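For reference, the structure is listed below as structure tokens.
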């Protein structure tokens, strides 16, 4: 399935580091912001205060605590913000989003296409426009999420769906795993010059994201897997790597 993606202009995307390797992505337009997967409120609150910004909305990709754990604390400081995420039994009021829905965030006058990507969890969704993909734990730099609930077939299908998005789209993953993932990828595709170059280009860099979908299609073994059987073998090898 191919998705029609909206165009947003004048967006600034910044990473807020949390825990050991999480990224909370902040989408900024003027002085108003949306945050994606705030597992921890403290770094978000500190960033908002430091930059004198206004939190208007939260996007949730899935239910894991390191992606939603800071929401109730953020609500205590910003009780009127709007929250959007997949159907679940969350302990806060939010708006459910569904596959192929065009989500409009009126406070910033921006839109994102919602794409269901079951695999890591059954509820997982991603948010995309023509230039940005906020993919949570479905797609990582040179990797993909572990399968906690979904099947290999579901995850493979989700990745194939994302692989049909524009190659120029920037990929904003929720974890800094790229360098470790490249080491695994090289064990499977050691002569891939794009992969070799990617490793070299990241030497000395603490933040490896965003990448682009084009870069992932050339280097990410999970996106490059031909079928479910090959994907399953790769995922099991990675789990034991």
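Just so it is clear, none of the values below were taken in a lab; they were calculated from the coordinates. None of these values were measured; they are calculated from a predicted model. Note that each Cβ is placed from the backbone with ideal geometry, even for glycine, and that neighbours are counted across all protein chains shown.
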Exercise. When each pair of different Cα atoms in the stretch 1-97 is counted once in the 1/r mean, what is the Kirkwood radius in angstroms, to one decimal?
Worked result: 13.9 Å
Exercise. Cα extents of the stretch 12-239 along the three principal axes, largest first, in whole Å?
Worked result: 51, 36, 29
Exercise. Of the beta bridges DSSP finds with both residues in the stretch 29-154, what % are antiparallel, to the nearest 5?
Worked result: 55 percent
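If you restrict to DSSP beta bridges whose two residues both lie in the chain, what percentage is antiparallel, to the nearest 5?
Values: 27 of 41 bridges.
Approximately 65 percent, going by the DSSP bridge assignments.
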Exercise. Is the shape of the stretch 78-166 rounded, prolate or oblate, going by the alpha carbon gyration tensor and its root eigenvalues a ≥ b ≥ c, with a/c under 1.5 for rounded and a/b larger than b/c for prolate?
Worked result: oblate
Seminar exercise, completed: Once normalised by the length of the stretch 1-44, the mean sequence separation of its alpha carbon contacts under 8 Å that are 6 or more apart gives a contact order in percent of 30 percent
For this session: Whole Å is fine, so just give me how far the alpha carbon centre of the stretch 185-218 lies from that of the stretch 143-171.
Result: 17 Å
For this session: Just rank 26, 155, fewest to most, by other beta-carbon atoms within 10 angstrom.
Result: 26, 155
For this session: Could you grab the relative contact order for the chain? Cα pairs under 8 Å, six or more apart, rounded to a whole percent.
Result: 16 percent
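Can you give the helix-only mean residue ellipticity at 222 nm for the chain, where every DSSP H stretch with n ≥ 4 adds -39500 (n - 2.57) and the sum goes over all residues, rounded to the nearest 500 deg cm²/dmol?
-9000 deg cm²/dmol
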For this session: Over all alpha-carbon pairs of the stretch 1-43, lay out the pair-distance distribution in 5 Å bins, whole %, shortest bin first.
Result: 5, 19, 23, 18, 14, 13, 6, 1
